[in-house]
Amino acid sequence: MPRERFLARTLVVVAGAWAAIGFGANGLAVELNAAFPATQIQLAQATAPIAGPSAAAAAPNAAAGEDAFLRQCGICHTVDKGGPERFGPNLFGVVGRQAGSEPNFTYSAAFKKAATWKWDPTLLGGWISNPGALIPGTAMAVYQGVPDKDRDNIIAYLASLK
């Protein structure tokens with residue numbers, strides 16, 4: 001694949017190999033490490049968040065995360081224990097839960113096929129930053145991701161819901 005200048009780029013490191021996923025002037029482009037076939041890219045193997053916090057970042061704040069969640073995620077997700085599903089599954093107790101296991105929600109085929117992990121803060125960070133890059137074809141791919149300034153607070157908020 002010819003190299004192209006990315007306008008926006010995400011680097012995904014999986015099992016020691018990398019894939020650059022970004023939007024270039026000609027649309028979506030994926031550049032893979034030749035030693036790593038594309039068929040092996042799975043979110044379950046990711047070991048680092050897409051965009052990690054900076055060294056100077058403040059500690060995550062669950063109260064600020066609740067506000068950010070309501071603005072960024074609340075239209076599609078609920079967080080009340082036993083709460084209803086919306087466009088996305090209920091997220092009460094999501095940290096530590098098997099992905100794709102909310103019993104009353106119908107997941108996209110792409111998500112069901114790839115959902116082989118348990119949600120932890122690292123995987124949630126990558127997912128809410130850029131879901132379409134992690135699982136192409138997922139229904140959540142229409143969402144552009146939360147801003148970096150809100151990501152860690154939202155994760156802290158979700159982790160507090162037990």
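The values are calculated or read from the model by the stated rules, or taken from the named source; none is laboratory data. These figures come from a predicted structure and were not determined experimentally. We place every Cβ from the backbone using ideal geometry, glycine too, and count neighbours over all the protein chains shown.
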Task: Subset of region 39-77 that is assigned to a loop (DSSP other than H, G, I, E, B) and polar (S, T, N, Q) - its residue that is modelled with the lowest pLDDT - done: Thr47
TODO: State all residues of region 131-150 that are crowded, with 22+ Cβ neighbours inside 10 Å and more than 10 Å from the chain's Cα centre (by Cα); if no residue qualifies, say none.
DONE: Thr138
Task: Every residue from region 89-103 that is assigned to a loop (DSSP other than H, G, I, E, B) and either charged (D, E, K, R) or surrounded by fewer than 18 Cβ atoms within 10 Å (Cβ to Cβ) (or both) - done: Phe92, Gly93, Gly96, Arg97, Gly100, Ser101, Glu102, Pro103
